[in-house]
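Some notes on the structure that comes next.
Bear in mind these aren't lab numbers, they're just calculated from the coordinates by the rules spelled out. Treat the numbers as computed from the prediction; the structure is a model and nothing was measured. In this analysis, Cβ positions are derived from the backbone assuming ideal geometry, glycine residues included, and neighbour counts consider all displayed protein chains.
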Amino acid sequence: MSMDMTTRMFKEEGWIRKRCPKCGKYFWTLDPDRETCGDPPCDEYQFIGKPGIPKKYTLDEMREKFLSFFEKHGHGRVKRYPVLPRWRDDVLLVGASIMDFQPWVISGEADPPANPLTISQPSIRFTDIDNVGITGRHFTIFEMMAHHAFNYPGKPIYWMDETVELAFEFFTKELKMKPEDITFKENPWAGGGNAGPAFEVLYRGLEVATLVFMQYKKAPENADPSQVVEIKGEKYVPMETKVVDTGYGLERLVWMSHGTPTAYDAVLGYVIEPLKKMAGVEKIDERILMENSRLAGMFDIEDMGDLRYLREQVAKRVGITVEELEKAVRPYELIYAIADHTKALTFMLADGVIPSNVKA
């Protein structure tokens with residue numbers, strides 16, 4: 001799917017569209033010397049030990065900063081939904097803020113609670129469970145902060161120009177991120193039967209937000225071929241309602257403001273510290289954790305081969321054997337995973353998920 005993604009801001013403020021030599025994807029930047037898109041594995045984390053946001057935020061402070069910014073810009077603030085989506089029979093858990101509004105609001109059968117709206121939605125995903133504790137950035141539970149606009153036929157709210165401008169203003173004016181270090185990478189999105197063009201917003205090697213312009217739905221068998229577009233191997237047709245579907249990583253932004261070796265240290269420290277004491281985990285050289293995290297950010301750990309390769313690279317960088325590295329970092333990785341999984345279970349049980357040893 002090719003679509004012109006030159007927004008008003010890119011045109012008026014001198015952004016340059018480049019093609020990343022490593023992944024081949026197009027991205028927008030203000031920095032004429034920049035070559036790569038800013039996304040791992042094309043770039044490493046550049047904020048470990050030197051935070052990319054000048055002020056340190058807690059989860060509560062960052063969430064409030066985001067919601068009040070969008071409220072100031074005319075968005076109705078909406079309370080989080082439960083992580084158990086009783087309004088849907090096709091998914092077991094809420095994995096993104098847009099799921100709160102699929103399918104009824106997007107189809108137009110139900111009104112949104114506000115339009116446009118802003119929300120911070122706890123989301124649970126087990127797709128990356130093997131990465132949790134290891135890469136420093138993956139969670140099974142995380143909060144997706146979002147602003148959504150539902151453009152019903154004949155009732156437009158806003159679209160790509162305004163979405164990009166709001167994101168850029170929030171990051172640079174509110175959080176004081178450096179404009180020349182932000183990139184907008186073009187990468188179409190698909191999920192839950194909908195699809196559309198999208199920007200990944202990247203900063204110092206970390207994806208901090210995704211801005212999706214949902215305008216297609218799965219094509220029916222008898223669809224008019226002139227209407228059909230293909231995205232990620234699936235066929236879609238245009239929707240009557242066009243939805244601005246954004247997701248900003250609350251934990252990732254807090255991490256960016258702390259520059260700790262992992263996001264777990266930044267947001268789950270209150271659980272991790274006592275766990276380390278209780279388990280008698282030995283303190284290790286912070287440099288080992290930092291290098292481990294910097295390199296782990298470049299990987300998706302899908303099997304033991306990936307993990308072994310990561311260990312070899314880190315060990316080489318810090319000048320120790322793979323065995324010594326494994327012995328040092330493994331207890332940390334397990335404690336990070338325990339803290340994350342416990343938080344996910346707490347939310348699930350509180351929102352009415354009943355544990356069972358049959359079916360899902």
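Compute a Gaussian network model of the chain, connecting alpha carbons closer than 10 Å, and tell me which residue from His147, His341, His73 fluctuates the most.
His73
For Asp303 and Glu324, calculate 0.36 nm times their separation in residues minus their Cα-Cα distance, and state this gained length in nm to one decimal. Present the calculation step by step, with values, prior to reporting the outcome.
Working: separation 21, 0.36 × 21 = 7.56 nm, distance 2.08 nm.
Extending this stretch completely gives an extra 5.5 nm.
Convex hull over the alpha-carbon atoms of the stretch 304-352: what's its volume per residue in Å³? Can you show the working numbers first?
Working: hull volume 4.0 nm³, N = 49.
Per residue, the Cα convex hull of the stretch 304-352 comes to 82 Å³.
Based on Cα coordinates alone, diagonalise the gyration tensor for the chain, multiply each eigenvalue by 5, take square roots, and list the semi-axes in whole Å, largest first.
Details: eigenvalues 230, 125, 83 Å².
Here the semi-axes work out to 34, 25, 20 Å.
Over every pair of different alpha-carbon atoms in the stretch 56-165, take the mean of 1/r and invert it; report that Kirkwood radius in Å. Mind showing how you got there, number by number?
Numbers: mean 1/r = 0.0650 Å⁻¹.
For the stretch 56-165, inverting the mean 1/r across all distinct Cα pairs yields 15.4 Å.
Taking every DSSP beta bridge that has both residues in the chain, what percent is antiparallel when rounded to the nearest 5?
Values: 49 of 51 bridges.
Rounded to the nearest five, the antiparallel share is 95 percent.
Set the bar at 31 Å for Cα to Cα. Now go through Lys65/Lys235; Lys79/Lys276; Lys18/Lys232; Lys22/Lys72; Lys178/Lys276 and name every pair that lies beyond it. Don't skip to the answer; put the middle values down first.
Details: Lys65/Lys235 39 Å; Lys79/Lys276 34 Å; Lys18/Lys232 22 Å; Lys22/Lys72 39 Å; Lys178/Lys276 35 Å.
As for pairs spanning more than 31 Å Cα to Cα, those are Lys65/Lys235; Lys79/Lys276; Lys22/Lys72; Lys178/Lys276.
How long is the gain from Lys316 to Glu12 if the chain were fully straight, where each residue apart is worth 0.36 nm and the alpha carbon distance is subtracted?
Details: separation 304, 0.36 × 304 = 109.44 nm, distance 4.62 nm.
Full-extension gain reported as 104.8 nm.
Restricting to DSSP H runs of at least four residues, report the calculated mean residue ellipticity at 222 nm for the chain, -39500 (n - 2.57) per run over all residues, nearest 500 deg cm²/dmol.
Roughly -9500 deg cm²/dmol at 222 nm, from the helical runs in the chain.
To the nearest 20 debye, what is the magnitude of the charge dipole of the chain about its Cα centre, counting +1 on the Cβ of each Lys and Arg and -1 on the Cβ of each Asp and Glu?
Details: 46 positive and 55 negative charges, 100 e Å.
Dipole magnitude for the chain comes out near 480 debye.
Cβ under 13 Å from Pro188's Cβ, Pro188 left aside: what net charge do those residues give with Lys, Arg +1 and Asp, Glu -1?
Details: positive: Lys25, Lys185, Lys232; negative: Glu186, Glu200, Glu230, Glu234, Asp245.
Here the count lands on -2.
What residue among Ile124, Ser293, Cys37 has its Cα farthest toward the positive end of the dipole of the chain, where the charges are +1 on Lys, Arg and -1 on Asp, Glu, each on the Cβ?
It is Ser293, whose Cα lies furthest towards the positive end.
Any idea how far the Cα center of the stretch 253-267 sits from the one of the stretch 305-360, in Å?
Answer, in whole Å: 17.
Using θ = phi - 60° and the Karplus curve 6.51 cos²θ - 1.76 cosθ + 1.60, what whole-Hz ³J(HN,Hα) does each residue of the stretch 48-59 get, with Gly and Pro shown as x?
6, x, 9, x, x, 10, x, 9, 7, 10, 8, 4
Please identify, among Glu282, Glu291, Glu143, the residue showing maximal mean-square fluctuation in a Gaussian network model of the chain using a 10 angstrom Cα cutoff.
So, out of Glu282, Glu291, Glu143, the one fluctuating most is Glu282.
Give the angle, between 0 and 90 degrees and rounded to the nearest 10, that separates the Cα long axis of helix 286-296 from the longest principal axis of the Cα atoms of the chain.
40
What angle do you read, to the nearest 10 degrees and between 0 and 90, between the alpha-carbon axis of helix 322-350 and the longest principal axis of the chain?
Relative to the chain, helix 322-350 is tipped by roughly 50 degrees.
If one takes the longest principal axis of the Cα atoms in the chain, at what angle in degrees, from 0 to 90 and to the nearest 10, does the Cα axis of helix 304-318 lie?
60
Taking the chain as a Gaussian network, Cα atoms linked when under 10 Å apart, which of Val228, Val208, Val94 shows the biggest mean-square fluctuation?
For the chain, modelled as a Gaussian network with Cα springs under 10 Å, the answer is Val228.
Mind checking the full-extension length gain between Ala350 and Asp128? Use 0.36 nm per residue of separation minus the Cα-Cα distance, one decimal, nm. Before the final figure, lay out each step's value.
On the way: separation 222, 0.36 × 222 = 79.92 nm, distance 2.28 nm.
Full extension from Ala350 to Asp128 adds 77.6 nm.
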